[in-house]
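First comes the structure, then the notes that go with it.
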Amino acid sequence: MRITGLALVPPPTAADLPKVTPELLASVLARYSRSNQGIATILSKVDLANPDASIDRILSFVDYGHASIGGLTGGLAVALDDVSMWLAYKLFELSTMADGQESSTRYITMDAANLPTPEELGIPADLAPRWRDVMAKSFAAYNAEYARLDAAAVADPSLVRLPPDAKPAVVTRLRKNYALDRARYFIPLATRTNVGLVQSSRMWAATVKHLDSLPHPEARTAANLIRDELLKISPRLMRHSSAEKSYTEQARQELAASLSLGLARLSAAPLADEVWVHVDRATAPFLPEPQPIAESLRHRANRYGYQGTATRRMRVSFAWNNMALAELRDLNRHRTGHRYTPLIQAGFYLPPEISAAPHAALLSEQLALTRELMQRGSPAYVYSLLLGAQTPFEHSTHADKFIYEAELRTGMGAHFRYAEHLSAVLREFFRQVPEARDHVVEGTAEPE
């Protein structure tokens, strides 16, 4: 695992003002809120040759808590190379205010050499050989299915939906995406990937504190490396980023719940689709009634258009019983609201183009390994999961954010399984909010 801090000096607040470090920016803005002198006057009193003294003097004067000014540091970017897909997923789950990107599975090396060591992941030593064997077989299954599907698409181009008049390069790209998007369910969640996040010092401190409180060695290693990197940029604010009792206790309880539920539902048989949607339209009696749904939605030119109070004030919770980790990794990145999953294997998804029969021995071995790790109470059970593992997944947000997600994940270029999941939720949403049907654009996941 390698950690790199990318944001060293944010842009100045105006063209005629000096550049400042993130902590100096935060302290100056904190002082700004306790003064009517204006930002230029406050900056004129800062000794840029000795910024640390200026920071300490300002912070002592304003007496702000670290959290209240940590958010004023601007975007601090950190890139994490060679972390597991599980850790990348966890970072997006914890960093609810971050912007970020993860390497696409289309550009990751699909080979057992692209795994962290069992020691890095906390795999029990006596199970390490067995874990390596299951992971190697999983990559072999992925590569075999990818080659088979790619060859099938060459022989029968009608298998791949193509835009009209697609050029040869586009045909090749979509054919390979067709194969990868179906074979990817054999990819181990432990596979190395890269992830970059941008967020303020305040949010980084919370993220690192959370990572440091988890029972997974990889998470704690990442916490220490991120902290060390950001201490170079925001030393005062990142001091408040170590493991803390409330975080560790919640992590302990969530792991216990996942182990209990996971053992009860552990299965390699695919789960039938089931969705749950709850819509809450209640508003305070002393506020105006929301506008009609149609007025909230009909003025948009596309999903990026601004919605009205009817959908912005409406709460929506939606959940699936069988979200494969392959889809969870992307749907988990919709930042608004709260996302929750016990991260278990309650079933195993394979698309219709892949038969489970040739892989029965692998799936049986993978299931047995997961059971053994769970029975031991090991948090490392997550690293025995493959991207086909199906887990319950819940997202709570507001209707405007839900509608954006539904239109995005069924729209042009959307993965076929995203589209199935979001279409199912949309059907239930329309049943409860029929006025929205004519103004929400449900796509067909046509190719880009």
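The values are calculated or read from the model by the stated rules, or taken from the named source; none is laboratory data. For clarity, every value in this text was computed on a predicted model and none was experimentally measured. Glycine also receives a Cβ, built like all others from the backbone with ideal geometry; neighbour counts cover every protein chain displayed.
Could you tell me whether segment 72-86 includes any residue that is in a helix (DSSP H, G or I), touching a Ser or Thr at 6+ places or on another chain (Cβ under 6 Å) and modelled with pLDDT under 70? So far as segment 72-86 goes, no, none of its residues is in a helix (DSSP H, G or I), touching a Ser or Thr at 6+ places or on another chain (Cβ under 6 Å) and modelled with pLDDT under 70.
Here's the yes/no breakdown for (1) within 21 Å of residue 362 (Cβ to Cβ); (2) aromatic (Phe, Trp, Tyr); (3) at pLDDT below 95:
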| residue | (1), (2), (3) |
| --- | --- |
| 134 | yes, no, no |
| 144 | yes, no, no |
| 157 | no, no, yes |
| 174 | no, no, yes |
| 197 | no, no, yes |
| 211 | no, no, no |
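Considering segment 236-278, the residues that are acidic (Asp, Glu) and not in a helix (DSSP H, G or I) include one that is farthest from residue 395 (Cα to Cα), namely 244. Applying a threshold of 9 Å to beta carbon distances and a minimum spacing of six or more residues, or different chains, the list of pairs starting in segment 366-379 at a residue that is touching a residue at least 24 places away in the same chain (Cβ under 8 Å) and on the phi > 0 side of the Ramachandran plot and ending at one that is in a helix (DSSP H, G or I) and surrounded by fewer than 20 Cβ atoms within 10 Å (Cβ to Cβ) reads 377/256. For segment 331-340, the set of residues classified as in a loop (DSSP other than H, G, I, E, B) and either touching an Asp or Glu at 6+ places or on another chain (Cβ under 7 Å) or among the aliphatic types (A, V, I, L, M) (or both) consists of 332, 334, listed by residue number. When segment 334-346 is filtered for residues that are on the phi > 0 side of the Ramachandran plot and crowded, with 19+ Cβ neighbours inside 10 Å, only 343 remains.
Would it be correct to say that residue 191 is surrounded by fewer than 20 Cβ atoms within 10 Å (Cβ to Cβ), of a type in the set (S, T, N, Q) and touching a residue at least 40 places away in the same chain (Cβ under 8 Å)? Break it down stepwise before answering.
Working: surrounded by fewer than 20 Cβ atoms within 10 Å (Cβ to Cβ): no; of a type in the set (S, T, N, Q): yes; touching a residue at least 40 places away in the same chain (Cβ under 8 Å): yes.
For residue 191, the condition - surrounded by fewer than 20 Cβ atoms within 10 Å (Cβ to Cβ), of a type in the set (S, T, N, Q) and touching a residue at least 40 places away in the same chain (Cβ under 8 Å) - is not met.
Restricting 396, 423 to those that are assigned to a helix (DSSP H, G or I), of a type in the set (S, T, N, Q) and surrounded by 16 or more Cβ atoms within 10 Å (Cβ to Cβ) reduces the list to 423. Can you say whether residue 441 is hydrophobic (A, V, I, L, M, F, W, C), surrounded by 16 or more Cβ atoms within 10 Å (Cβ to Cβ) and under 21 Å from residue 314 (Cα atoms), as far as the supplied structure shows? Against the criterion (hydrophobic (A, V, I, L, M, F, W, C), surrounded by 16 or more Cβ atoms within 10 Å (Cβ to Cβ) and under 21 Å from residue 314 (Cα atoms)), residue 441 does not qualify. Here the condition is being of a type in the set (Lys, Arg) and either closer than 24 Å to residue 115 by Cβ or outside any helix (DSSP H, G or I) (or both); of 371, 431, 417, it holds for 371 alone. Checked against the criterion of being under 28 Å from the mean Cα position of the chain (by Cα) and of a type in the set (S, T, N, Q), segment 289-305 contains one or more residues that satisfy it.
Only one of the numbered conditions (1) over 16 Å from residue 80 (Cα atoms); (2) touching a helix residue (DSSP H, G or I) at 6+ places or on another chain (Cβ under 6 Å); (3) of a type outside the set (Val, Ile, Thr) is not met by residue 192, and that is (1).
Determine, yes or no, whether residue 318 is within 22 Å of the chain's Cα centre (by Cα) and at pLDDT 95 or above. The answer is yes for residue 318. Of the residues making up segment 87-106, those that are at pLDDT below 85 and among the aliphatic types (A, V, I, L, M) are 97, 98.
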